[in-house]
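*Asks:* Please find one structure pasted underneath; my questions will follow.
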Amino acid sequence: QKTSLAKFGNALENIDVGLGWDVANQGVYDLDAECFILGANDKVLGDDWFVYYNQPASPDGAICHSGDNRTGDGTGDDEVINVRLSRVNPQAQKLVFVVTINEAKERGLNFSGVQNAYIRLVDKATNRELCRFNLTEYYSNVTSMVVAELYRHNGEWKMNPVGDGMPAGLYDLCIRYG
């Protein structure tokens, strides 16, 4: 369900969007978290308004990627995208968070080999988990997933858990979002 970030208080400024997963079998799955920063037309504000491990910060410095986790090993968040809400460019109306499997098509991988996947929002100031959405359905034809959106509505930020899986790669998502 959609969640207003205002319900967590006006002091909410610095949030982490944490993504976690485990590998269901002995295979090697390199999942990658990405964030597309979109304007009112649902397209990126420009080529550099896409944050991922190889472009770890947005031009306004508001959105930063923690770095690439290539295995999903360990407990807790595997990749984190930090968002400073007050610094987000005013032209940005939506932040779309996606997870892709690196080289999925080339290696014959899909989300059926992934388990315990989730997305969560954490207030960085208090380290309090604000909400968590478990991504429970995995399909053999899904190689990328739109997991959540942060969007502006009537002057406030809201979160929409999406969980929209598709048989597309990162390149296809880049075309989709401009």
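*Asks:* Any residue that is farther than 17 Å from residue 33 by Cα, in contact with a Lys or Arg (Cβ under 9 Å, 6 or more places away or on another chain), among the aromatic types (Phe, Trp, Tyr) and open to solvent by 10 Å² or more (accessible area, probe 1.4 Å) - is there at least one of those in the range 143-152?
*Replies:* Start the filter on the range 143-152 by keeping residues that are farther than 17 Å from residue 33 by Cα, which leaves 151-152.
Subset that is in contact with a Lys or Arg (Cβ under 9 Å, 6 or more places away or on another chain): 151-152.
Applying the additional criterion that residues be among the aromatic types (Phe, Trp, Tyr) yields 151.
Within this subset, residues satisfying the condition of being open to solvent by 10 Å² or more (accessible area, probe 1.4 Å) are 151.
Yes: the range 143-152 contains one or more residues that are farther than 17 Å from residue 33 by Cα, in contact with a Lys or Arg (Cβ under 9 Å, 6 or more places away or on another chain), among the aromatic types (Phe, Trp, Tyr) and open to solvent by 10 Å² or more (accessible area, probe 1.4 Å).
*Asks:* Out of the strands (runs of 3 or more DSSP E) lying entirely within the range 108-153, which hold 2 or more residues that are at pLDDT below 85, touching a strand residue (DSSP E or B) at 6+ places or on another chain (Cβ under 6 Å) and farther than 23 Å from residue 5 by Cα?
*Replies:* Values: elements: 114-123, 128-135, 144-153.
Those strands (runs of 3 or more DSSP E) span 114-123.
*Asks:* Another question, if that's okay. Among the residues of the range 14-45, write down those that are among the acidic types (Asp, Glu), at pLDDT 90 or above and closer than 25 Å to residue 129 by Cα. Give the derivation first.
*Replies:* Keep residues of the range 14-45 that are among the acidic types (Asp, Glu), which gives 16, 22, 30, 32, 34, 42.
Now drop any that are not at pLDDT 90 or above, which leaves 16, 34, 42.
16, 34, listed by residue number.
Condition check ((1) free of Cβ contacts under 8 Å to residues at least 40 places away in the same chain; (2) over 23 Å from residue 11 (Cα atoms); (3) surrounded by fewer than 20 Cβ atoms within 10 Å (Cβ to Cβ)) across all residues:
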{"site": "47", "(1), (2), (3)": "yes, yes, yes"}
{"site": "59", "(1), (2), (3)": "yes, yes, yes"}
{"site": "63", "(1), (2), (3)": "yes, no, no"}
{"site": "67", "(1), (2), (3)": "yes, yes, yes"}
{"site": "93", "(1), (2), (3)": "no, no, yes"}
{"site": "105", "(1), (2), (3)": "no, yes, yes"}
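*Asks:* May I pose another question? Looking only at strands (runs of 3 or more DSSP E) that fall completely inside the range 4-101, which ones have 3 or more residues that are in contact with a helix residue (DSSP H, G or I) (Cβ under 8 Å, 6 or more places away or on another chain)? Working first, answer last.
*Replies:* Details: elements: 14-23, 31-38, 63-65, 79-84, 94-101.
Strands (runs of 3 or more DSSP E) meeting the threshold: 14-23, 31-38, 94-101.
*Asks:* Filter the range 107-119 down to the residues that are open to solvent by less than 50 Å² (accessible area, probe 1.4 Å) and closer than 18 Å to residue 161 by Cα, then identify the one that is nearest to the chain's Cα centre (by Cα). Quick ask: steps written out before the conclusion?
*Replies:* Initial filter on the range 107-119 (open to solvent by less than 50 Å² (accessible area, probe 1.4 Å)): 109-111, 113-114, 117-119.
Narrowing further to those that are closer than 18 Å to residue 161 by Cα: 111, 117-119.
Values: 111: 16, 117: 12, 118: 10, 119: 8 Å.
So, considering only residues that are open to solvent by less than 50 Å² (accessible area, probe 1.4 Å) and closer than 18 Å to residue 161 by Cα, the one nearest to the chain's Cα centre (by Cα) is 119.
*Asks:* For residues that are closer than 22 Å to residue 163 by Cα and touching a residue at least 40 places away in the same chain (Cβ under 8 Å), tally how many sit in the range 74-91. Explain how you work it out, then say what you get.
*Replies:* So the first thing to find is which residues in the range 74-91 are closer than 22 Å to residue 163 by Cα, and the list is 75-83.
Narrowing the set further to residues that are touching a residue at least 40 places away in the same chain (Cβ under 8 Å) leaves 76-83.
Here the count works out to 8.
*Asks:* Test residue 97 against the criterion of being open to solvent by less than 30 Å² (accessible area, probe 1.4 Å), under 13 Å from residue 29 (Cβ atoms) and not basic (Lys, Arg), and give yes or no. If you could, list the steps in order and put the result at the bottom.
*Replies:* Details: open to solvent by less than 30 Å² (accessible area, probe 1.4 Å): yes; under 13 Å from residue 29 (Cβ atoms): no; not basic (Lys, Arg): yes.
No; evaluated as a whole, the condition is false for this residue.
The values are calculated or read from the model by the stated rules, or taken from the named source; none is laboratory data. Predicted model, so just to flag it, every value in this text is computed and none were measured. So basically every Cβ, Gly included, is an ideal-geometry build from the backbone, and we count neighbours across all protein chains shown. SASA here: full protein model, heavy atoms, side chains in, ligands and nucleic acids out. Shrake-Rupley method; radii C 1.70, N 1.55, O 1.52, S 1.80 Å.
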